[in-house]
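The values are calculated or read from the model by the stated rules, or taken from the named source; none is laboratory data. Just so we're clear, the structure is a prediction, and the values are computed from it rather than from any experiment. Glycine also receives a Cβ, built like all others from the backbone with ideal geometry; neighbour counts cover every protein chain displayed.
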Amino acid sequence: MIFYKVLLAIGPDKPGIVNTVSAFLTERGCNLEDSKMSVLGEDFALVMLFSGALNSIEKVKADIKSLESSVGLTTLLKDTKAPTVHRKEASIPYKLEAFGMDHPGIVNEITGVLHKNRINVESMETGVGNAPVSGTPVFHMYIKMTVPASLPISKLKDELSKVEGKQNLNITLSPSEI
């Protein structure tokens, strides 16, 4: 029987972390199924879904402290299940992009509209960069999401248009492949 775990890890950014963590899992007989990784500030963060037989999972659990100390990571292991599609209703994949001058509340405002309309966020990336000439902090957001087929897209666009005006953003919404 195959078991699934999620590994969350964060620590000081340095070359070789991904190689060390993937080798750690492979050496214990586990398979890396899915992952997301990013540098945040001066830290490197990763989330990995991996699988293995019970004895392989037990080896990972027994040896995780050695991984933490060798790379300087803080880790968390969580039991999970095999990836499946959890759609209870028909949905359509969309992507949302937002850009504008950075200020508090942008993510909260946009995700509030999505939550209110039962839209599932599949993945989201946000960041702040500097405008080329002025150096003004510019916020950007990219979301892959699934929109209930029963939701009129015009209604969603109207609600996001209000957020655009209130938050002084440029928001684009378009069909996507997830």
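Quick look at the values:
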read-out: Extreme residue, surrounded by the fewest Cβ atoms within 10 Å (Cβ to Cβ), among residues of region 1-40 that are in contact with a helix residue (DSSP H, G or I) (Cβ under 7 Å, 6 or more places away or on another chain) and in a strand (DSSP E or B); value: 37
read-out: Residues satisfying the stated conditions in region 119-152, i.e. touching a Pro at 6+ places or on another chain (Cβ under 9 Å) and either in contact (Cβ under 8 Å) with a residue 24 or more places away in the chain or of a type in the set (Asp, Glu) (or both); value: 119, 120, 122, 128, 144, 145, 146, 147
read-out: Looking only at region 69-112, and only at residues there that are touching a residue at least 24 places away in the same chain (Cβ under 8 Å) and part of a helix (DSSP H, G or I), the one that is nearest to the chain's Cα centre (by Cα); value: 107
read-out: Any chance residue 125 is in a strand (DSSP E or B), under 30 Å from residue 16 (Cβ atoms) and either of a type in the set (Asp, Glu) or at pLDDT below 95 (or both); value: yes
read-out: Flag if residue 55 is touching a residue at least 12 places away in the same chain (Cβ under 8 Å), over 15 Å from residue 6 (Cβ atoms), assigned to a helix (DSSP H, G or I) and outside the structural domain of residue 117 (by TED's automatic domain parsing); value: yes
read-out: Residue check, residue 151 part of a loop (DSSP other than H, G, I, E, B) and either over 30 Å from residue 33 (Cα atoms) or modelled with pLDDT of 95 or more (or both); value: yes
read-out: Search result, residues across region 153-171 that are touching a residue at least 24 places away in the same chain (Cβ under 8 Å), of a type in the set (S, T, N, Q) and loosely packed, with under 12 Cβ neighbours inside 10 Å; value: 168, 170
read-out: Condition met for residue 73 (modelled with pLDDT of 95 or more, buried (at least 16 other Cβ atoms within 10 Å of the Cβ), assigned by TED's automatic domain parsing to the domain that holds residue 35 and not small (Gly, Ala, Ser)); value: yes
read-out: Failed condition for residue 47, given (1) in a strand (DSSP E or B); (2) in contact with a Lys or Arg (Cβ under 6 Å, 6 or more places away or on another chain); (3) buried (at least 17 other Cβ atoms within 10 Å of the Cβ); value: (3)
read-out: Criterion (in the same structural domain as residue 147 (by TED's automatic domain parsing) and under 30 Å from residue 167 (Cβ atoms)) met by exactly one of 107, 47; value: 107
read-out: Any hit, region 82-99, residues being among the polar types (S, T, N, Q) and at pLDDT 95 or above; value: no
